[in-house]
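The values are calculated or read from the model by the stated rules, or taken from the named source; none is laboratory data. Because the structure is predicted, anything quoted here is derived from the model rather than measured. Here the Cβ is made from the backbone with ideal geometry for all residues, glycine too, and neighbour counts use every protein chain on show.
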Amino acid sequence: MKMNLFIAIGLYLLNASTVLHAQTEKPLVNDKLVFEEKDGLVAVEAELFYKQTLTEIRQWYSISTGNLPTLVPNPAIAHLAGASNNAYIKILPDTRVTHSDTITDGINFSGTPGKMAIVHYKVKINKPGRYYVWVRCYSTGSEDNGLHVGFNNNWPEHGQRMQWCDNKNDWTWASKQRTENAHCGVPKEIYLDINTADVHDIQFSMREDGFEMDKFILTSNIDYIPEGEGPVMEISNGKLPAPFPKVEDAIKQ
Ligand SMILES: [Ca+2]
Ligand SMILES: [Ca+2]
Ligand SMILES: [Ca+2]
């Protein structure tokens, strides 16, 4: 009888933790935080999304010092060294790690944009026009290096299939579109045509699970190339959360 009670409690806890893991990661900020384009440039930390949607199968998890995803098993290895603002986000679970792992569209891959694991950001655009999108990503292989970008629930052709090939195992800025002929992507082909001066909802959706995103920028300059941790954020409304602890500080503690 006592044993049955222990088993019942054990099953309850197991079930409770499963439910907990299925909950959507809570955003660190709300929709009052609005980033602002100035002189044709806006930079946004990926971890400062105000909401995420279509999270049933895959979702984005925030990673910072002392804050690792609580998935079981947990495949997340922290790549915090060199991450801008000492934090980033990652799509988990990651069940397609190598090319030999089974690919299932709608589970660990999404060939169509806007279908799975979407993060949202409010961005005020003052000068309408064409904005090239650059993302700072950490890729360790060939199955964690694809992403889609869109805005206001539109997923235009030139936001599809962002691709990273160069510079594995390091934070890397890129803005390239994968095509049938160029699997590593074509530069200057990832952009959004934003035709009104307004607050827009900038969105990124999953192409490959395991994707890691540190920061993104929109630039109206076709020749602009971000370097290092990229430009600083500009805010038109709301308040930025306190900075995350530096990795070196965390190691010292
Ligand atoms: Ca890939
Ligand atoms: Ca993957
Ligand atoms: Ca970041």
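Cβ-Cβ below 9 Å, separation at least six or inter-chain, first residue in the stretch 62-76 and under 8 Å from residue 92 (Cβ atoms), second among the basic types (Lys, Arg) and at pLDDT 80 or above: which pairs?
So the pair list comes out as 69/90; 76/90.
Out of the residues in the stretch 217-246 that are touching a helix residue (DSSP H, G or I) at 6+ places or on another chain (Cβ under 7 Å) and at pLDDT below 95, which is surrounded by the most Cβ atoms within 10 Å (Cβ to Cβ)?
My answer is 244.
Provide a single number: the residues in the stretch 53-79 that are within 16 Å of ligand 2 (Cβ to nearest atom), in a loop (DSSP other than H, G, I, E, B) and at pLDDT 95 or above.
2
Do you know which of the residues in the stretch 104-131 that are more than 16 Å from ligand 1 (Cβ to nearest atom) and under 17 Å from the mean Cα position of the chain (by Cα) is surrounded by the most Cβ atoms within 10 Å (Cβ to Cβ)?
Here the answer is 119.
What's the total number of residues in the stretch 195-224 that are within 16 Å of ligand 2 (Cβ to nearest atom), touching a His at 6+ places or on another chain (Cβ under 6 Å) and outside any loop (DSSP other than H, G, I, E, B)?
Residues of the stretch 195-224 that are within 16 Å of ligand 2 (Cβ to nearest atom), as a first pass: 204-213.
Those still in the list that are touching a His at 6+ places or on another chain (Cβ under 6 Å) too: 205, 207.
Now drop any that are not outside any loop (DSSP other than H, G, I, E, B), which leaves 205.
So the answer is 1.
Only one of (1) in a loop (DSSP other than H, G, I, E, B); (2) buried (at least 17 other Cβ atoms within 10 Å of the Cβ); (3) more than 13 Å from ligand 2 (Cβ to nearest atom) fails for residue 82. Which number is that?
(2)
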